[in-house]
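The values are calculated or read from the model by the stated rules, or taken from the named source; none is laboratory data. If you're wondering where the values come from, they're calculated on a predicted model, not measured in any experiment. Heads up, the Cβs are rebuilt from the backbone with ideal geometry, glycines too, and the neighbour counts pull from every protein chain shown. The protein model used for the area step is the full one, side chains on, heavy atoms only, and it has no ligands, DNA or RNA in it. Shrake-Rupley method; radii C 1.70, N 1.55, O 1.52, S 1.80 Å.
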Amino acid sequence: MQTVVQQYLATWNATGDERAELLAAHWSPEATYTDPLAEVAGHDGITAVVEGVHTQFPGFVFTQVGEVDGHHRQVRFRWGLGPEGAEPLVIGFDVLVLDAAGRIRDVHGFLDKVPA
């Protein structure tokens, strides 16, 4: 489960070709992503959301906050978004649902701390 979270966060932190490679390797082509600000499907939709975050928070990175928990094909964890090495300005909680091949199929995201 920890490896899945690392691959997920790497996707959010990557740009360009590296992100496309991570999506192709670790995300189902039919993957969906839903949080309070977005609801998209497929690699193109997920790419658009990730690029939007990079535009809104240039230079920020996603990090894992706390421990990973999971059962069956579900993984839950908290993440932070902020300047590298600093306290996160945004904190969220995601649940990943994996397909039979172990790729990310669905993401259900929640925002716990958002700057004003």
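What to note about this one:
- Count of segment 1-11 residues, restricted to those that are free of Cβ contacts under 8 Å to residues at least 60 places away in the same chain and hydrophobic (A, V, I, L, M, F, W, C), is 1.
- Put simply, of Val68, Val75, Val5 the only residue that is within 11 Å of the chain's Cα centre (by Cα) and open to solvent by less than 70 Å² (accessible area, probe 1.4 Å) is Val5.
- Verdict on His72 being out of contact with any strand residue (DSSP E or B) (no Cβ under 6 Å at 6 or more places or on another chain) and more than 23 Å from Ala20 (Cα to Cα): yes
- For segment 12-24, a residue qualifies if it is open to solvent by less than 60 Å² (accessible area, probe 1.4 Å) and out of contact with any strand residue (DSSP E or B) (no Cβ under 7 Å at 6 or more places or on another chain), and the qualifying residues are Ala14, Gly16, Arg19, Ala20, Leu22, Leu23.
- Output for segment 86-116, where each listed residue is out of contact with any Gly (no Cβ under 9 Å at 6 or more places or on another chain) and either outside any strand (DSSP E or B) or more than 17 Å from Ser28 (Cα to Cα) (or both): Ala86, Asp99, Ala100, Ala101, Gly102, Arg103, Pro115, Ala116
- Residues that are under 14 Å from the mean Cα position of the chain (by Cα) and open to solvent by less than 80 Å² (accessible area, probe 1.4 Å) within segment 25-41 comprise His26, Trp27, Ser28, Ala31, Thr32, Tyr33, Thr34, Asp35, Ala38, Val40, Ala41, listed in sequence order.
- Selection within segment 89-114: residues that are more than 19 Å from Thr3 (Cα to Cα) and open to solvent by 20 Å² or more (accessible area, probe 1.4 Å). The member of this set that is modelled with the lowest pLDDT is Val114.
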